[in-house]
Amino acid sequence: MAACSIEDVLAKAEQDEAEKLKSITVQKELDIEFDIGNLVAYDKNRIDIRQFREQKKDDFLRSLARDNTQLLINEIWKHPTERVEEVIVVKLPEPTTALPREKPPPKPRPPTKWEEFAKLKGIQKKKKTNLVWDDVAKNELHRLRNIARAQKIKVPGVGLTPTAQQSTTDLSRAVNVAKVSTASAGKFQDRLPKEKAPRNTGKKRKFQPVIGNFSSEKQRQLDLLKVMDSKKPRLDVNKAVNKQMREDDREESAAKFRKGGKKGRKGGNFSGKGKGKGGGGKGRAGGKGQGPPGGKKGAGKR
Amino acid sequence: MKQYGGVIKPKTKRAKRFLDNRAPKLTENVKNAMIMKGGNTSMTVTQALKDIYALKKPSAVLYKKKNITRPFEDSTSLEFFSKKTDSSLFLFGSHNKKRPNNLIFGRLFDFHVLDMIELGIEKYNSLSDIKSSKCPEGTKPMLVFAGDAFDHENEHKCLKSLLTDFFRGPVVPSVRLAGLEHVLHFTALEGKIYMRSYRSLLKKSGCRTPRIELEEIGPSFDFILRRTHLASDDLYKTAHKQPKALKPKKKKNISHDTFGTKFGRLHMQKQDLAKLQTRKMKGLRKRRGPAAAAVVAGETSLKTTEVE
């Protein structure tokens, strides 16, 4: 009994499947050929002329078209689909029908002057590998940063911490920095015979951005106006003192020279030196003592 | 530096882009069609040209003025127009007593006529005659060619290729399933060619693939094949030549047999078979005395091994 029911169930399932597929199956003598890349179907079956004449032309053609389109759609649905932005799309293969081109295939362009030169010289294009962060360098950099933080000094530039690959610019910069870091700021370090002097070693001027902090810019402008408005001149004490000292020195040396020049020319040098030193020292001390009041006076005269 | 063959050397980037678009490329643009009228045209012909322009939009240009030329005799003005609009397909409509309601479909290669086929319209229903909702402009149509004439006769084969080229639209890698609406059906029967245009409705069937129902929309033509002008075989060969760069690259040492199995080839150095390390079988070890001859357990072959 159970066996019978299983058979019945299977038979019923088969029937259902057949019915489902009936709606989309089409019987044809010859299988039709497809070019799915172009969405084309070629039906090579012979068309029954008698049937064509019996039926109304349009109806016959319409039913033929329906059958062929059904087969084409069946074939298209066999291809893989994917979902692109809430839309189901079917991926089409390459078109198979050979169709003539519009224009002849492009000719290879003639090599440029550089390409010809490179070929002549045998220069090959070197591909730069993608830079990968080096763990060793990372450790080194962090170590130096920690030291700097502990001792509150600045870390040297990125190029000076050792990395795996150092370009020529990095190395040359490192050499120049090392040369300058002697006691006499690199003044007595000889250069190698063909080494060139380092360029771009001036002070880099830093400018404020054009449109930055509006409040700070406003403050700066107002301060400038205030300074321009004020009647009292601004005073730089250091500058004034140095200026005064230089003036005093000059006066003294001029006086000594006049004295030394008129009288003893033989021992003039020695006397000049000794007197100049002693005089200079005494004068300076005096000058220093008088400094601030003198300075103020000097500024007033100015 | 690219040589711009032509009078104009581009001075702006936009001009350069424009010229590069029209220059020969590896993968080409969609073929543009120019639709024009001859010295004398009838209502049928003008309406037919308008309908085909609607099918072929936006990669088509419809000229309003009449052009007094005969394509089969003199094709210079066609070539001039194709250079101006960068079109490689044309449709020329005319009407005279000898050839009433005449349409000439043709294509060009390198701005010279490749082939042309003349079709006469015997019966015509325009887009406006058939009242139904139409497909949106620019949908890629499905093409069906029915009838054994398209396979046996040379002129019909050429016509098949020309019509595919004309109507297929841009070549796309994927297409929206719901957008497969437009069907163009060509039937070749008794020297006549019937063109019908339908809108396909995808109905529910029991399974994944839908059932198709067709609804006639667009223009329907009953053509009769008249004159043809086909190119010589070697011109066809030159036109079909694909640049080498487009060929798929062949992988070395991999081959397929007729069943589709993939075979790979391994190249080994020369091995001394006597000194090969095989499985140690204690029983087969050389014994002192009259012992059995040592049998090598396996012989590795140096030729093909099955991959996959």
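The values are calculated or read from the model by the stated rules, or taken from the named source; none is laboratory data. All of these numbers come straight from a predicted model, not from anything done at the bench. Cβ placement follows ideal geometry from the backbone for every residue including glycine, while neighbour counts extend to all protein chains displayed.
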task = Give the residues of the range B:30-71 that are in contact with an Asp or Glu (Cβ under 8 Å, 6 or more places away or on another chain) and either without any contact (Cβ under 8 Å) to a residue 40 or more places away in the chain or part of a helix (DSSP H, G or I) (or both), sorted by residue number.
result = B:A54
query = Just checking, which of A:K288, A:K275, A:K226, A:K256 is out of contact with any strand residue (DSSP E or B) (no Cβ under 9 Å at 6 or more places or on another chain), surrounded by 12 or more Cβ atoms within 10 Å (Cβ to Cβ), basic (K, R) and at pLDDT 90 or above?
reply = A:K256
note = Here the residues within the range A:43-53 that are more than 7 Å from chain B (Cβ to nearest Cβ) and among the basic types (K, R) are A:R50, A:R53
request  = Among the residues of the range B:130-150, write down those that are at negative phi and of a type outside the set (A, V, I, L, M, F, W, C).
outcome  = B:K131, B:S132, B:S133, B:K134, B:P136, B:E137, B:T139, B:K140, B:P141, B:D148
note = If you go through B:I104, B:I68, B:I117, B:I121, the only one that is hydrophobic (A, V, I, L, M, F, W, C) and surrounded by fewer than 19 Cβ atoms within 10 Å (Cβ to Cβ) is B:I68
message = Residues that are assigned to a loop (DSSP other than H, G, I, E, B) and under 21 Å from the mean Cα position of the chain (by Cα): does the range B:108-124 have at least one?
response = yes
query = Which one is nearest to B:T238 (Cα to Cα) among residues in the range A:82-139 that are touching a His at 6+ places or on another chain (Cβ under 8 Å) and in contact (Cβ under 8 Å) with a residue 40 or more places away in the chain?
reply = A:P93
ask   = Quick one: how many residues across the range A:2-36 are under 30 Å from A:E94 (Cα atoms), assigned to a helix (DSSP H, G or I) and more than 7 Å from every other protein chain (Cβ to nearest Cβ)?
value = 1
note = Reported set for the range A:54-97 where residues are in a loop (DSSP other than H, G, I, E, B), of a type outside the set (V, I, T) and at the interface with chain B (Cβ under 7 Å from one of its Cβ atoms) is A:L92, A:P95
ask   = When residues of the range A:170-202 are filtered for being under 30 Å from the mean Cα position of the chain (by Cα) and in a loop (DSSP other than H, G, I, E, B), how many remain?
value = 7
message = One residue is enough: does the range A:124-146 have a residue meeting the conditions at the interface with another protein chain (Cβ under 10 Å from one of its Cβ atoms), hydrophobic (A, V, I, L, M, F, W, C) and surrounded by fewer than 11 Cβ atoms within 10 Å (Cβ to Cβ)?
response = no
message = Cβ-Cβ under 8 Å, sequence separation 6+ or interchain: first residue in the range A:38-49 and on the phi > 0 side of the Ramachandran plot, partner part of a helix (DSSP H, G or I). Which pairs?
response = A:L39/A:L72; A:L39/A:I76
inquiry  = So, restricting to strands (runs of 3 or more DSSP E) that lie completely within the range B:151-206, which ones have at least 2 residues that are without any contact (Cβ under 8 Å) to a residue 40 or more places away in the chain and either within 7 Å of chain A (Cβ to nearest Cβ) or at negative phi (or both)?
reply    = B:174-176, B:192-203
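This table checks each residue for (1) in contact with a helix residue (DSSP H, G or I) (Cβ under 9 Å, 6 or more places away or on another chain); (2) modelled with pLDDT of 75 or more; (3) among the polar types (S, T, N, Q).
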residue: A:K126; (1), (2), (3): no, yes, no
residue: A:H142; (1), (2), (3): no, yes, no
residue: A:N146; (1), (2), (3): no, yes, yes
residue: A:Q151; (1), (2), (3): no, yes, yes
residue: A:G159; (1), (2), (3): yes, no, no
